[in-house]
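Quick notes on the structure that follows.
Every number in this text was worked out from the coordinates using simple rules, so none of it is lab data. Owing to the predicted nature of the structure, the values given are computational and were not obtained by experimental measurement. Glycine also receives a Cβ, built like all others from the backbone with ideal geometry; neighbour counts cover every protein chain displayed.
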Amino acid sequence: MFQSQEKLAVAILLLVIVVCLAGTVLLDGMGKEQFSKEYTPGMADGTLVRFEGVIGSVYHAAGGSQILDVSGVSIFIPASVGGIPDIQEGNRIKIIGAIQHWKGKEEILVEEADDITLVS
């Protein structure tokens, strides 16, 4: 059936697959926060950041997206993010997201519901 070199190649391939899967599970279990930076204005687009503050206003955009003003920082939550907690003005919120600029304005883009935590 298989020659010894073919058996070795299949074994190496399986080992690589197992290592990649283990790495994926390990990194996923660690969460994004480990790899994020504390937000400061002027960061480059795509930078993964974490930010905590008080919700000043909530705007529900057409299509179900939400735009929050959190302690003066604009937070964009697209409609595609399902399972968003009940967000109210005055709540303290902690988010993890990526910096993006839209129409010249800096904002933090939240990509998953797990990246939103109501603190109080």
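With neighbours defined as other Cβ atoms within 10 Å of a residue's Cβ, the residues LEU13, LEU118 order from fewest to most as LEU13, LEU118. Computed over the chain, relative contact order equals 22 percent, with contacts defined as Cα pairs under 8 Å that lie 6+ residues apart. Test of understanding: in a Gaussian network model of the chain with alpha carbons linked when under 10 Å, which of GLY72, GLY23, GLY56 would top the mean-square fluctuation ranking? Among GLY72, GLY23, GLY56, the largest mean-square fluctuation in the Gaussian network model of the chain belongs to GLY23. Loop-located chymotrypsin sites (Phe, Trp or Tyr not before Pro) across segment 1-81 with a Cβ neighbour count of 10 or fewer within 10 Å are PHE2, with loop assigned by DSSP.
Estimated translational diffusion coefficient (Stokes-Einstein, Kirkwood radius over Cα pairs, 10 °C, 1.306 mPa s) of segment 1-69: 94 µm² per second.
The share of alpha-carbon pairs in segment 33-120 lying farther apart than 18 Å comes to 36%. Note down the net charge around VAL81, summing +1 for each Lys or Arg and -1 for each Asp or Glu among other residues with Cβ under 13 Å from its Cβ. Surrounding charge for VAL81 is -4.
Neighbours of VAL110, meaning other residues whose beta-carbon lies under 12 angstrom from its beta-carbon, give a summed charge of -2 when Lys and Arg score +1 and Asp and Glu score -1. Along the charge dipole of the chain, which of LEU27, MET43, LEU13 sits closest to the positive end, that is, farthest toward it, with unit charges on the beta carbon of Lys, Arg, Asp and Glu (+1, +1, -1, -1)? Of the listed residues, the answer is LEU13.
Under 16 Å from a label point set 7 Å out along the Cα-to-Cβ vector of SER57, the amide N atoms of segment 76-108 belong to 76-77, 88-91, 105-107.
Selection among HIS101, ILE77, ALA62 by position relative to the dipole of segment 50-115 gives HIS101 as farthest towards the positive end (Cβ unit charges, Cα centre). Among the GluC sites (Glu not before Pro) within segment 46-120, those in coil by DSSP and having at most 11 neighbouring Cβ atoms inside 10 Å are GLU89.
Report, in degrees rounded to the nearest 10, the 0 to 90 angle that the Cα long axis of helix 4-30 makes with the longest principal axis of the chain. Approximately 20 degrees, to the nearest ten.
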